[in-house]
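I have placed the structure first, in the form of structure tokens, so that the comments after it can refer back to it.
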Amino acid sequence: MNPSEPLAAILVSKFTVDYRPDAPADNGGRPRLVRDLARHLRGLGYRVRIAQRGREDRLVRCAEGIEVQTTAVPLPAWGDLTFARRTRKLAEQADLCCYASPEDGYPFYSPRSFAIQHGIWWDAPYPGWKRLVIQRWQRERNLRMCAKARAVVCVDSNFINYLRLLGRRGHTAAGKCHYLPNYADCLRLPAPTEEQIGKRFAGRSVLFLRRFEAPRGGREFVEMCRILEARGVRFKARMVGWGAEAQGIASLIRQYGLAGGIELATAEMDSVRQVLEEAAISVVPSVWSEGSSLTAIESLAMGVPVVTTDVGGLPNVIVPEFTGTVTRSHPEDLASSVESLLASEARYRAIARNCLLMRPVFSLERWVERLSQILADARLIGADAATSRQRPAVGAVFSALGGSHFPPASAISDAGRHRNLWSI
């Protein structure tokens with residue numbers, strides 16, 4: 001990379017599989033957002049370095065001219081302060097710094113920074129003493145982040161309203177926040193034809209495309225399937241994901257005698273299209289710790305009606321009875337919503353068409369345009385950027401498809417070239 005180019009640093013707790021800089025980007029919404037943000041900043045003319053926790057200190061250069069740096073710090077949450085301290089110099093030297101996990105910068109925040117807030121995770125059902133400690137700790141970290149960063153991009157409005165509960169400082173902090181929901185790369189997720197919508201309804205496949213973790217509602221999905229079968233509803237179910245609860249979910253499926261009715265599978269980050277093409281309904285049964293689910297948004301982009309819960313930012317994404325249903329995070333309610341959608345093909349088709357109307361709203365192009373405007377308004381990029389180094393113009397070219405603004409692989413001379421990290 002050209003050392004004369006301005007430097008953009010993206011700090012995130014975890015980006016790659018197993019915290020290794022030469023591994024592929026991890027599955028999940030945050031790694032995907034970091035990957036696309038890095039590409040966007042590279043397209044604006046920055047040299048980009050992603051800093052994450054790791055098992056060793058190491059730096060790898062990727063084929064797009066983007067670097068991934070791992071810093072040897074404890075991987076659990078109690079390593080937050082160590083990670084912030086060890087990446088402080090990089091953040092302060094960068095012309096533009098993004099805290100993609102806002103808490104990871106605490107208490108050091110660069111004056112030339114913005115943060116991306118992915119939703120409230122501290123609403124878990126913690127025991128009393130732990131809940132009080134975590135809420136107090138998060139209050140301090142969030143208020144400091146909002147005070148120091150020039151802008152805070154929030155994937156839902158839930159966090160902004162949370163800040164307003166924190167008194168005068170909270171209202172001031174909320175004034176730094178910008179609601180910008182997650183996105184779908186609609187160029188890679190084609191809209192279905194009417195014939196395909198009909199085939200999906202006939203297939204009656206109900207999909208869970210999420211991490212197998214307690215907050216994501218995998219067990220609630222299995223309970224929902226048990227209720228649907230008991231009601232005599234004709235359907236088939238598929239759970240595509242990964243995570244700590246995988247064995248527990250598989251055991252629950254066997255316990256309920258549903259092994260023949262629920263398929264378990266895994267998928268890579270960019271195989272969403274193939275999974276959603278076969279789904280009639282996408283169920284997002286979160287019970288806590290949710291922002292604006294990428295699964296929900298990508299389902300809309302593919303014309304797949306969504307059954308979801310009233311947790312976090314999900315009601316920001318799904319319009320009840322227009323693009324799906326929003327209900328309590330309870331298996332009985334989820335089952336009733338699925339049963340209702342499968343009861344009428346005319347209603348199903350109408351909702352599927354409505355989902356496709358949301359494609360421009362949640363497009364990657366819209367996200368890039370709005371993010372660029374937020375950063376320009378905060379004087380972080382553009383002609384009015386208040387830094388000592390010249391900034392790339394807001395209108396610099398960005399292609400969501402990995403376009404020609406990236407240097408070719410042959411232009412990277414070092415031996416640490418890793419194309420798999422960014423492959424699509």
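Rule-based calculations on the coordinates, nothing more; no lab input. Predicted model only: the values in this text are computed from it and were never measured. Cβ sites come from the backbone with ideal geometry, for glycine too, and all protein chains shown count toward neighbours.
So the values come out like this:
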quantity: The chain - charge dipole about Cα centre, Lys and Arg +1 at Cβ, Asp and Glu -1, debye rounded to 20; calculated: 1040
quantity: DSSP-assigned coil residues among trypsin sites (Lys or Arg not before Pro) in segment 344-389, each with at most 14 further Cβ atoms within 10 Å; calculated: 389
quantity: Furthest towards positive pole of dipole, 101, 276, 166, structure part the chain, Cβ charges; calculated: 166
quantity: Farthest positive-ward along the chain dipole, Cα basis, beta-carbon charges - from 338, 8, 224; calculated: 8
quantity: FRET efficiency estimate (nearest 0.05) - Cβ-Cβ, residue 339 to residue 81, R0 51 angstrom; calculated: 0.55
quantity: Low-density loop cleavage sites - chymotrypsin sites (Phe, Trp or Tyr not before Pro) in segment 262-349, where at most 16 other Cβ are within 10 Å (DSSP); calculated: 322
quantity: Pairwise FRET efficiency - residue 328 versus residue 264, Cβ, R0 = 25 Å, nearest 0.05; calculated: 0.45
quantity: Contour excess over end-to-end distance, with Cα ends at residue 147 and residue 2 and 0.36 nm allotted per residue; calculated: 48.9 nm
quantity: Highest-MSF residue in the chain out of 265, 94, 38 [GNM, Cα springs under 10 Å]; calculated: 265
quantity: Difference of contour (0.36 nm per residue) and Cα-Cα distance, residue 254 to residue 310; calculated: 17.3 nm
quantity: Electrostatic dipole magnitude of segment 1-146 [Cβ: Lys, Arg +1; Asp, Glu -1; Cα centre; debye, to 20]; calculated: 280
quantity: Of the trypsin sites (Lys or Arg not before Pro) in segment 146-197, those whose Cβ has at most 15 other Cβ within 10 Å and which sit in DSSP loop; calculated: 188
quantity: Segment 1-126: relative contact order as a whole-number percent, Cα under 8 Å and 6+ apart; calculated: 26
quantity: Residues 40, 118, 178 arranged by fewest to most Cβ contacts within 10 Å; calculated: 178, 40, 118
quantity: Spin-label zone in segment 122-160 - amide nitrogen under 17 Å from a point set 7 Å from the Cα of residue 370 along the C-beta vector; calculated: 151-160
quantity: Percent RCO, i.e. relative contact order, over the chain, from Cα pairs under 8 Å lying at least 6 residues apart; calculated: 18
quantity: Gyration tensor (alpha-carbon) shape descriptor, segment 158-255, a/c threshold 1.5; calculated: oblate
quantity: Antiparallel DSSP beta bridges within the chain, percent to nearest 5; calculated: 10
quantity: Shape of segment 194-356, Cα gyration tensor, a/c cut at 1.5; calculated: rounded
quantity: Residue 213-residue 126 pseudo-label distance in nm [points 7 Å out on the Cα-to-Cβ vector]; calculated: 1.5
